[in-house]
Structures are given as C-alpha cells and as structure tokens.
Amino acid sequence: MRNKRPTRFNTFQAQVRKQPSSFRPQKRPSSSGGGGGAMTAPWKRASLHTLKIGPPPRDGIYFGAYEWTAGDIASVEAAAQISCSHYHSGYGNWALQYSSGHPHLNLAAANAAWDAGKAIVVQAYNLYAGTDTEHPAGFTVNKLLAGDYDSNLATFAAELRAFGKPCWFQCGREPNGVGQDYMGGFGTDGTQSLAAAIAANAAYNQFSPPAIPSGAPSTLYDGCSGATMPDGIGRIKAGQRYIHDFMVRREGLQFLTFDSQGFVVRYYKDGTDNQDVYDSNDYVGNEAYALTLLQRCSDPAYWYPGDAYCDWVSLTWYYLDYYDAGWSWLTGSDILIPNTEWVSSLSNMMTKVAAVTSKPVMLAEFGMPDGLDSDTAYGATKITSGFTTVLTSWSQIKAVSLWSNHESWLQVDIFPYDCLLRPNTTQATALQAVIAAHPTKFHSYVTLSDGLPHPRVL
C-alpha cells in the first residue's frame, strides 16, 4: 500500500539478519507442520531456472511479511514463533530498488534472502499514470505497449536472470486503492484519472491496443477493450500480459511466478459494494455511471488477466475498522466497522475470484491494526478472526503477507494504523494460539513446482 490521503470513507534490508535458531528453517521437510511434505526419494531436482513457486503441498498458507523498518521481519517471527517463508522486498535498500522509476534487483539482497530460506516478491511498474515512484515520470501503458520501456525491462530481466531462482513477480500493485481510488489509464492516451473519465462520461472505448509484437500470441490483447471494459482496467490487463510475454517469451525467465497485482478487497455489507456506493456519491448527477464503473474496476471478471498470464491471484485485505473519533472529517457512524463486515467483504471478493479461476490466492497485503495501539485485546480479536477466516473459510487462499509499519500509516488524523506484530503482546499471544490450533497449516518455507521444498531446508 502506498501513501494514503484522508478520504471520507474512510527494509527488506540488503543484509538479511541472522535469525534465532528456533526460527531457522528445518534442515529436512517434515510430514507435519512447518510447511513441508514427504521428501521425494531419490532426490533429484530440475534447474531452479525452470521452477516456479507452487502452493503448499497440503492445506494451509505460506506465512510472509513486509519489512519497512529494520527489524520488522524479526519482530513478526518472534511474535509468531515461526519463520516467515517469504519477504516482500520492495523498496529502498532491499532486493528491489527503483532508479528514475525503473525497477532494479539488488542481487546481494536477493541472494541473502534466498540463502536464509526465504522467497522474495519483486515487481515491475505500477500500471497507471501518476506521480508514484514505482514507474518513471510520464509513464503510461500506451508507452509500455509501444516498446518505450523495453530496454529498461531488458536490463531488469538480465538482473533477474543473474538471480535465477523462483520468486513471485508482480506487474504493479493495488491499482484500485484501499481508502481511495488510484485508478488511472483512462482517455485516448491513458493519462486520465477515473474521476476525469466519470466527469466526461468517457470511461469506455478509449483504448485501442497496438499491433501485437512479433512472435507474441494473437490473443495478447483479447478482452482488453470494448463497451463494457473500463479503459483503465483494460490497459492494466494489457500491460500485465505484455510484461509477462516480455519476461517469459522473450527473455526466457521461467522461474518468475506471476501474480495479479493485488487488487483491493473493498468494503461490502448487506449484499452491496458499500465502498463503491459511497464513492459514487461524490459524482453528483452521475452516480449510477460512477457506481457501475467503480464496481467493474474491482471485479476479477474484468481485471483478471487470465490463467495464461498468472500463476497466483493476489489481493489486498485489511481490517481498517477503527477510526479516530477526533478526526474532524468523520462522523460517529464512521468510527467502527465490525470485523464480521470485513469478513463479508473478503467472502464477496473470493466468490468472484473462484468464479473466474482456481489459481492459488495470496493476500499480498494483510493487515489487522487497532489504530496505533500494538498491544490490545481488541487487536487480538482481529488477529484471531482474520487468520481463522483465511484458514477455514477459503482453501484457495494459500499465502499471506503481513503489513508492518510504513511511516505513511503512522500519522495521527491522516492514516494512523500500525500493522506490525510485536513479541510479548496480546496480538502475538493470539497469533500463537491460532498457530497452535492449526499446527499443519502455517508453512515457513515455500514449495517449488517440482513438489520439493526450498533447497535451503533439504
């Protein structure tokens, strides 16, 4: 999640630190607990260059996290008393860096993570125009599809090839926002915002995909434009497919495990996409048009790029159900949203995902904060509810990545949420209890597409 602004609705470090011995991956996979299955004998593995990250071999989830501040991963592992299987290594001095908006791999950091028994998550560009640092100034999907960034993608591909180990790969993330709509990509050149498209009644039929690159599948841009496909979503799909085709077909990076870039689970209650309804009311006189567009921008029937371009589906799911009563721009009804309603929100999204694909699902951002309080009984109920829902309600969910304490979230009266799990807290005790109740369902290392675990545990 990026920096947030108030709305009415609302470092994976280059040096991976040594973990306590109790948190290190097991040397040999176990038939129960810890994320492994029975070891194939005799052991013979294909080159890591040809393998991807598969789902856990049994029921359960990969347990991962973000590190925005040095020590965050160690804090999560100490709180849970189990190791993380993967890091979201996205920014700063971590495994993934951006220079002039173009992605680059920090090979030393990536290898350090792998040697510690962790998989990493990397990404290319955020696929919408704007001021985000995760794409170059003036970025548009139209330019991407025209080949303007091919040389930069080729440089990134060479860096990934030097790494040569299975990792999750995102083509951007969270385009439909959490507390706001980030959606762009509208207009004939893809530079207009969703709000501008609504104001102009021009959210469709403004995107004409270019000629298919030589050697690419003839279906590369199928379903990316038309009278019912929002231009912004169509461009995102086209951009995802283009980057996948570039990295896999052109560059031969078979070990990249592509996901669907973390569309947000938006608020759903009483059979209604409530957050979309709320946001549509901002467009006085055009509410119905706005509502339909907002709903389509968050619906996998529109945004999912297809099984040929995704190995995993990724979503963002937060329990942002507590709001500071002192915020001048909130009313009393905004203060508390019951946890059960966020569970309904996930159920609504997962029902839609299951209708379009059976691919495994990662909650690429998963947060359960109690405002800025890190040690509360209320926060503990969210941990219990959130993890129990994931483990028992939707077997398609195979991985979670816990959000931590990005500085943009720690601002009173702006976005005051601290999602970092800390040891010796009520939240930590709650998580340990969930793990103890489901001892085989938390996996501390990934299994690759050959059915064998991360080689660090062998």
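Only the coordinates and a few stated rules stand behind these numbers; no lab work does. All of these numbers come straight from a predicted model, not from anything done at the bench. Quick reminder, even Gly has a Cβ in these numbers, built from the backbone with ideal geometry, and neighbours come from all protein chains shown.
5 Å is the cut-off here: which amide hydrogens, built 1.01 Å from N in the peptide plane, fall below it relative to ASP370, excluding neighbours closer than 5 in sequence?
Hits under the 5 Å cutoff: ASP418.
Under 5 Å between amide H atoms, partner at least 5 residues away or on a different chain: which partners does LEU448 have, H built in plane at 1.01 Å?
For LEU448, the qualifying residues are GLY54, HIS454.
Hey, can you grab everything whose amide H is under 5 Å from the amide H of PHE139? Only 5+ residues off in sequence or another chain; H modelled, so Pro and N-termini drop out.
The answer is GLY130.
Pull up the cross-link candidates among the aspartates and glutamates for LYS269, meaning alpha carbon to alpha carbon under 15 Å and not fewer than 8 places away within one chain.
By straight Cα distance, LYS269 reaches ASP279, ASP321, ASP334, GLU341.
Structure shown: which of LYS118/LYS352; LYS237/LYS398; LYS359/LYS382; LYS52/LYS441; LYS237/LYS352 lie over 19 Å apart, alpha-carbon to alpha-carbon?
LYS118/LYS352; LYS237/LYS398; LYS359/LYS382; LYS52/LYS441
Please work out the Cα convex hull volume for the stretch 189-276 and give it in Å³ per residue. Walk me through the intermediate numbers first.
On the way: hull volume 11.7 nm³, N = 88.
Looking at the stretch 189-276, the number lands at 133 Å³ per residue.
Compute the signed sum of charges (Lys and Arg +1, Asp and Glu -1) over the other residues within less than 14 Å, Cβ to Cβ, of PRO136.
Local charge sum for PRO136: -3.
Just to verify a number: FRET efficiency for LYS352 and ALA108, C-beta to C-beta distance, R0 = 56 Å, to 0.05?
For R0 = 56 Å, the calculated efficiency reads 0.85.
Express in whole angstrom the spacing between the alpha-carbon centres of the stretch 365-400 and the stretch 423-451.
First find each Cα centre; the distance between them is then 12 Å.
What ³J(HN,Hα) values, in whole Hz, does the Karplus curve 6.51 cos²θ - 1.76 cosθ + 1.60 give for the stretch 53-58 when θ = phi - 60°, with x put for Gly and Pro?
8, x, x, x, x, 10
Report the gain in length on full extension from ARG422 to ASN281: 0.36 nm times residue separation, minus Cα-Cα distance, nm rounded to one decimal.
On the way: separation 141, 0.36 × 141 = 50.76 nm, distance 3.93 nm.
Stretched fully, the ARG422-ASN281 segment lengthens by 46.8 nm.
Please list, in order along the stretch 204-217, the HN-Hα scalar couplings obtained from phi with the Karplus expression 6.51 cos²θ - 1.76 cosθ + 1.60 (θ = phi - 60°), rounded to whole Hz, x for Gly and Pro.
9, 6, 9, 10, 10, x, x, 4, 5, x, 4, x, 6, x
Taking θ as phi - 60°, what are the ³J(HN,Hα) couplings along the stretch 141-150 by the Karplus curve (6.51, -1.76, 1.60), each to the nearest whole Hz, with x for Gly and Pro?
Result, rounded to whole Hz: 5, 4, 5, 4, 5, 7, x, 4, 10, 4.
Between LEU372 and ALA195, what length in nm is gained on full extension when 0.36 nm per residue of separation is reduced by their alpha carbon distance?
60.6 nm
Once the Cβ-Cβ distance between ARG250 and SER208 is put in as r, and R0 is 22 Å, what FRET efficiency do you end up with, to the nearest 0.05?
Values: r = 23 Å, r/R0 = 1.05.
The value I calculate is 0.40.
Based on the alpha-carbon gyration tensor of the stretch 51-457, what equivalent-ellipsoid semi-axes (square roots of 5 times the eigenvalues) come out, in whole Å, largest first?
In descending order, the three semi-axes are 31, 28, 19 Å.
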